[in-house]
Amino acid sequence: MSEQSRRPRKPGKPYRRPQKDPVRILAFEALRAVDERDAYANLVLPPLLRKAREKEGPEKFDARDAALATELVYGTLRRQGTYDAVIADCVDRPLREVDPPVLDVLSLGVHQLLGTRIPSHAAVSASVELARVVLGDGRAKFVNAVLRKVARDDLDGWLERVAPPYDEDPEDHLAVVHSHPRWVVSALWDSLGGGRAGIEDLLAADNERPEVTLVARPGRATREELLGEEAAVPGRWSPYAVRLSEGGEPGAVEAVREGRAGVQDEGSQLVALALANAPLDGPDRRWLDGCAGPGGKAALLGALAAERGAFLLASEKQPHRAGLVAGALSGNPGPYQVIAADGTRPPWRPGSFDRVLVDVPCTGLGALRRRPEARWRRRPEDLDGFAPLQRGLLRSALEAVRVGGVVAYATCSPHLAETRAVVADVLKRVPGTELLDARPTLPGVPALGEGPDVQLWPHVHGTDAMYLALVRRTS
């Protein structure tokens, strides 16, 4: 018998097994997947929730459990920068020296304390129990100590303490208050053109939960059909858009399950509509989506092309994404083809198409509402990696369109290096091209700026920050 086993136990409270909370354990697992595997929450969370709903017994999720788990995951990711600043003020070491799983539990707890209506004592207690389950009793004591410090003040009080004054450092102030990296704040501010109100409204909109927007694919579904669903209201700008209010489940919509409708942000719909509405000189028989994955725009373009008797070629470099495109287009009422091909080295002949869409890969800074973790993963140097590809795809698109035809250059980023800089540089090097005024192709959409290109904004239009430029081939 060891010396330790012969020692009498110290008097005190008996050991209590930690209480498992399925909702918070699931939220913790989602955050770990985002951190460890660079996964996206919108891809990780649905299968976790589906598995939890299928369980029997006390761990089976109902709608309220799923809603709370979703809020914990997305809310924590959106406000990560703010919460890191708060936690850093409450610990005696740099955050980089705090184990990532411990930091995830702390962040979940801070979100409950500062970002939800959960009572402080319940938020601390639940977080400590989570720590006991996933981290052990020792580190649970550390979590308890930190969260009790956080609970002494509300969010406004903490922001006054941890955010530098606006007058001393505007960008860093906004970065902490609105939970965006400083370089992203600077880039978005440049794209907006200055002014405090606009940038604050945009950053705040990035932290709002986006609505689920559906698209009724022409010839296969109607907006009226989708409006018959519970909690459905018309979209703001697209004639094919329907918004689902909070709690609306796209998978419960029959037209979505059958592929006659899809989930598609209204900004994405508007880009496809703008290309379809652009004036042409000459025939209108062959359309190309040169970066078609995962297929939302291609499905809408295919349906619009079918109404005119036009053919759509949907091209996507990655074979697995080309498979997603084929699934989205399956059942399209008109002629189409899906191929796996590199848009910078295309298999089609120059001048083969009347309309071409090229929605280029980008940093995704225009979709931070939907992918909040992207703001923490991206770095300024990522722009240099995307730049050659974006320019190459636009050049290839201009070669693919015939004289008199139109190319739509689109990207889900408002960063000037991915939008106007790309278009200006390519058009300077490719003769026989001219910019069209894209604004008339989006009738009824307000606040489209001075043109000729269009930048949509979450805080203005309620869409992702999609950018669009229309270019006509003149010779």
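Residues in the range 130-189 that are more than 30 Å from the chain's Cα centre (by Cα), part of a helix (DSSP H, G or I) and among the acidic types (Asp, Glu): 1 in all. Among the residues of the range 56-67 satisfying the criterion of being more than 15 Å from residue 249 (Cβ to Cβ) and open to solvent by 80 Å² or more (accessible area, probe 1.4 Å), which is modelled with the lowest pLDDT? If we take residues in the range 56-67 being more than 15 Å from residue 249 (Cβ to Cβ) and open to solvent by 80 Å² or more (accessible area, probe 1.4 Å), then 58 is modelled with the lowest pLDDT. Listed conditions (1) among the basic types (Lys, Arg); (2) closer than 28 Å to residue 67 by Cα; (3) at pLDDT 95 or above are all met by residue 217, apart from (2). Evaluating residue 402 against the criteria (1) open to solvent by less than 20 Å² (accessible area, probe 1.4 Å); (2) basic (Lys, Arg); (3) in contact with a Lys or Arg (Cβ under 7 Å, 6 or more places away or on another chain) leaves one unmet condition, (1). Would you point out which residue out of 463, 474 is within 22 Å of residue 363 (Cβ to Cβ) and touching a Gly at 6+ places or on another chain (Cβ under 8 Å)? After applying the criteria, what remains is 463.
Quick check on the range 304-345: of everything there that is farther than 21 Å from residue 219 by Cα, in contact with an Asp or Glu (Cβ under 8 Å, 6 or more places away or on another chain) and not aliphatic (A, V, I, L, M), which residue is surrounded by the most Cβ atoms within 10 Å (Cβ to Cβ)? Once the filter is applied, the top-ranked residue is 315.
From the list 143, 134, 184, the one residue that fits, being farther than 23 Å from residue 97 by Cβ and modelled with pLDDT of 95 or more, is 184. Are any residues in the range 39-54 open to solvent by 80 Å² or more (accessible area, probe 1.4 Å) and either touching a residue at least 12 places away in the same chain (Cβ under 8 Å) or within 18 Å of the chain's Cα centre (by Cα) (or both), and if so, which ones? Passing the criteria: 43, 53. Suppose the filter is open to solvent by 20 Å² or more (accessible area, probe 1.4 Å), within 28 Å of the chain's Cα centre (by Cα) and of a type in the set (Lys, Arg); does residue 96 pass it? Against the criterion (open to solvent by 20 Å² or more (accessible area, probe 1.4 Å), within 28 Å of the chain's Cα centre (by Cα) and of a type in the set (Lys, Arg)), residue 96 qualifies. Taking the range 208-231 as the region of interest, how many residues are out of contact with any Leu (no Cβ under 7 Å at 6 or more places or on another chain), crowded, with 23+ Cβ neighbours inside 10 Å and among the hydrophobic types (A, V, I, L, M, F, W, C)? Of the residues in the range 208-231, 1 are out of contact with any Leu (no Cβ under 7 Å at 6 or more places or on another chain), crowded, with 23+ Cβ neighbours inside 10 Å and among the hydrophobic types (A, V, I, L, M, F, W, C). Residue check: residue 456 meets all listed conditions (1) open to solvent by less than 10 Å² (accessible area, probe 1.4 Å); (2) farther than 26 Å from residue 183 by Cα but one, namely (2). Here residue 197 meets the list (1) at pLDDT 95 or above; (2) assigned to a helix (DSSP H, G or I); (3) farther than 24 Å from residue 84 by Cβ; (4) under 26 Å from the mean Cα position of the chain (by Cα) almost entirely, failing just condition (1). So residue 256 fits all but one of (1) under 16 Å from residue 224 (Cα atoms); (2) part of a loop (DSSP other than H, G, I, E, B); what number is the exception? So residue 256 meets the others, but not (2).
Identify all residues within the range 149-198 that are out of contact with any helix residue (DSSP H, G or I) (no Cβ under 8 Å at 6 or more places or on another chain), at negative phi and not charged (D, E, K, R); write none if there are none. Result: 157, 173, 183, 197.
Quick check: anything in the range 72-91 in contact with a His (Cβ under 6 Å, 6 or more places away or on another chain), buried (at least 18 other Cβ atoms within 10 Å of the Cβ) and either among the charged types (D, E, K, R) or touching a residue at least 24 places away in the same chain (Cβ under 8 Å) (or both)? Within the range 72-91 (the criterion being in contact with a His (Cβ under 6 Å, 6 or more places away or on another chain), buried (at least 18 other Cβ atoms within 10 Å of the Cβ) and either among the charged types (D, E, K, R) or touching a residue at least 24 places away in the same chain (Cβ under 8 Å) (or both)), the answer is yes, since at least one residue qualifies.
Checked against (1) in contact (Cβ under 8 Å) with a residue 40 or more places away in the chain; (2) surrounded by fewer than 16 Cβ atoms within 10 Å (Cβ to Cβ); (3) closer than 18 Å to residue 28 by Cα, residue 136 passes all but condition (1).
For the range 429-443, a residue qualifies if it is open to solvent by 70 Å² or more (accessible area, probe 1.4 Å) and either farther than 28 Å from residue 388 by Cβ or among the basic types (Lys, Arg) (or both), and the qualifying residues are 429, 439, 440, 443. Within the range 232-252, is there a residue that is part of a helix (DSSP H, G or I), open to solvent by 60 Å² or more (accessible area, probe 1.4 Å) and over 23 Å from residue 69 (Cα atoms)? No, there is no match, as no residue in the range 232-252 is part of a helix (DSSP H, G or I), open to solvent by 60 Å² or more (accessible area, probe 1.4 Å) and over 23 Å from residue 69 (Cα atoms). Here residue 353 meets each of (1) open to solvent by 60 Å² or more (accessible area, probe 1.4 Å); (2) within 18 Å of residue 410 (Cα to Cα); (3) in contact (Cβ under 8 Å) with a residue 40 or more places away in the chain with one exception, condition (1).
For the range 257-269, the criterion of being aliphatic (A, V, I, L, M), at pLDDT 95 or above, buried (at least 22 other Cβ atoms within 10 Å of the Cβ) and under 23 Å from the mean Cα position of the chain (by Cα) is satisfied by at least one residue.
The values are calculated or read from the model by the stated rules, or taken from the named source; none is laboratory data. Everything numeric in this text was worked out from a predicted model, so none of it was measured. For neighbour counting, all protein chains shown are included, and Cβ atoms are generated from backbone atoms with ideal geometry for every residue, glycine included. Calculation scope for accessible area: heavy atoms of the full protein, side chains included, ligands and nucleic acids excluded. Shrake-Rupley method; radii C 1.70, N 1.55, O 1.52, S 1.80 Å.
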